[in-house]
Structures are given as structure tokens and as C-alpha cells.
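Contents: one structure, followed by commentary.
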Amino acid sequence: MTVRTLLGRGHHAQGEIAVCDDEPAALAISLGGAPKLYAHTDPNEDAALLVRGEGGLLLAVADGHGGADAAEIAIRILAARAGPWTEAAWPCGDWKSIALSVLLEANAAICNAAARGGRRLSRTTLAFAVVRPRDPVIRFASIGDSHVFHVTPEGALDLARAQAHDAGRAPEGGTYFLGFGEESAESLAGKLHAADEPLLRTRALVLATD
């Protein structure tokens, strides 16, 4: 299993785009092309993850706020969970329950780190997806305004917003974070977008955050 990360705390040059290429996937991170005009704790608070195994890939992006701590913790929790997801044989089971358990674990870890003397206001959005070429679906999950775009010949579809639309409710964007406080499975389930998307006809999968 190969694990690659790009952490914002190491990329502060204005206009720089750092790239980590590991075919058939890649990571990129940037501080941006212009100075931030809003209050922030660290210059670059985001993080990205790529885990590659014999059976497939895990991709993730985290949009940190109030410091890079929360985004890095969320990425670390995902990396620790990714082994079975990317093995040759993986009996997935209920994907939404799996995604929810990861978010609960990440939220608890972020809150615990703050309670032990870390940055109290550090929080993060998160999006991740598992792609296994032998499986017929893409499994994705997101909270907040980190996105998973599915690119097909018809164009790019924001999967979280499409899922919310199909469920008959407005998509929540930029409202929810991991690290705001204690969460139960019930409270977090209402903030999570997690589902399967057919892999057939996929040209690309793009995870992005601002």
C-alpha cells in the first residue's frame, strides 16, 4: 500500500502549485494566486490524501479552518482506515455506515486534540472517495463544502449536491465541519452525503475544495 499526502502547512508560496503524481491518480495543493482577504490562522490549512493498494484507490481532500490541525487529523484517520478499502478483496457492506463511522472517529480525534491543548477552533470539511476498478461503483462521502465531481461524457456532476437533490432537500454547503463539538451518529448522519455512483462511463473523478 502506498500513502501520499500534501499538507498545506508545507506549501506557503503564493501562486505555487505542488503536485504529487502517482498514476492513475494525482494530488495538487496551492495557497492560491492572491493574498487571503479574510481572517485565518495558518497560511494554508488544507490537506490532500492518496492511498493506492492492489485493489484500488482512496482519494481525500480536507478544507481546514482555524488552523491546519483538524484537516491533518482527518486525513490521518482516513489513511489509517484505507488498508482494507484498497486491498484486492474487500467485502464493503454498508458504505454509508462505514463513512459515518470514519467521520465520527475523525470528529472525536479533532475534539480530543483541542482538549489536550491543541487549537480549540480548528475544524475541517472533508470529502473522500474509494475507486476499485473491479467494482461497478464509486463510493464517496462528504461533509461541508468539499466536493466530489464525477466526470462522464455528459459533463461533471457534483455528487453531494446531486444526492441532496434526489433526496428532496436543499444541499448544505459550507455549513458543517468536523471539530465543532461532540457528535452522535444521528446528528452527524444528517450532515453527511454518502452513496454509490456507477463507475461505468467514468472519465475522471475530481475531489476539490477551496
*Could you give the nm distance between label points at GLU23 and ALA115, where each point is 7 Å from its Cα heading toward the beta carbon?*
4.8
*How much length is gained if the chain between THR2 and GLU87 is pulled fully straight, taking 0.36 nm per residue apart and subtracting their Cα-Cα distance, in nm to one decimal?*
29.5 nm
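Figure the gain on full extension for HIS12 and GLU182 (residue separation times 0.36 nm, minus the Cα-Cα span) and round it to one decimal in nm.
On the way: separation 170, 0.36 × 170 = 61.20 nm, distance 3.16 nm.
Extending this stretch completely gives an extra 58.0 nm.
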*Run the dipole for the chain about the Cα centre, Lys and Arg Cβ at +1, Asp and Glu Cβ at -1, nothing else charged, and hand back the magnitude in debye, nearest 20.*
200
*asked:* Can you tell me how the range 17-86 classifies by the Cα gyration tensor, rounded, prolate or oblate, using a/c under 1.5 as the rounded cut?
replied: oblate
*For the chain, which whole percent of the accessible surface, found with a 1.4 angstrom probe, sits on carbon and sulfur atoms?*
54
*Evaluate the relative contact order of the chain (contact order divided by residue number), counting alpha-carbon pairs under 8 angstrom at least 6 apart; express in whole percent.*
19
*Take the alpha-carbon centre of the range 98-143, take the same for the range 1-63, and report the distance between them in whole Å.*
16
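Specify whether the C-alpha gyration tensor of the range 23-138 places it in the rounded, prolate or oblate class, a ≥ b ≥ c being the square roots of the eigenvalues: rounded for a/c under 1.5, otherwise prolate if a/b is larger than b/c and oblate if not.
Oblate is the answer for the range 23-138, as a/c is 1.5 or above yet b/c matches or exceeds a/b.
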*Report the GluC sites (Glu not before Pro) located in the range 1-63 that are in a DSSP loop and have at most 15 other Cβ atoms inside 10 Å of their Cβ, or state none.*
GLU16, GLU54
*Efficiency of FRET between THR152 and ALA80 - r from beta-carbon atoms, R0 22 angstrom, step 0.05*: 0.10
*Surface per residue (accessible, 1.4 Å probe) for the range 1-50, Å²*: 58
_Restricting to DSSP loop positions (anything but H, G, I, E, B) with no more than 11 other Cβ atoms inside 10 Å of their own Cβ, which chymotrypsin sites (Phe, Trp or Tyr not before Pro) remain in the range 1-108?_
TYR38
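The values are calculated or read from the model by the stated rules, or taken from the named source; none is laboratory data. What you see is a predicted model, and the numbers here were worked out from it, not measured in a lab. As a convention, Cβ positions derive from the backbone with ideal geometry for all residues, glycine included, and neighbour counts pool all protein chains shown. Surface accessibility is based on the protein's heavy atoms, side chains included, excluding ligands, DNA and RNA. Shrake-Rupley method; radii C 1.70, N 1.55, O 1.52, S 1.80 Å.
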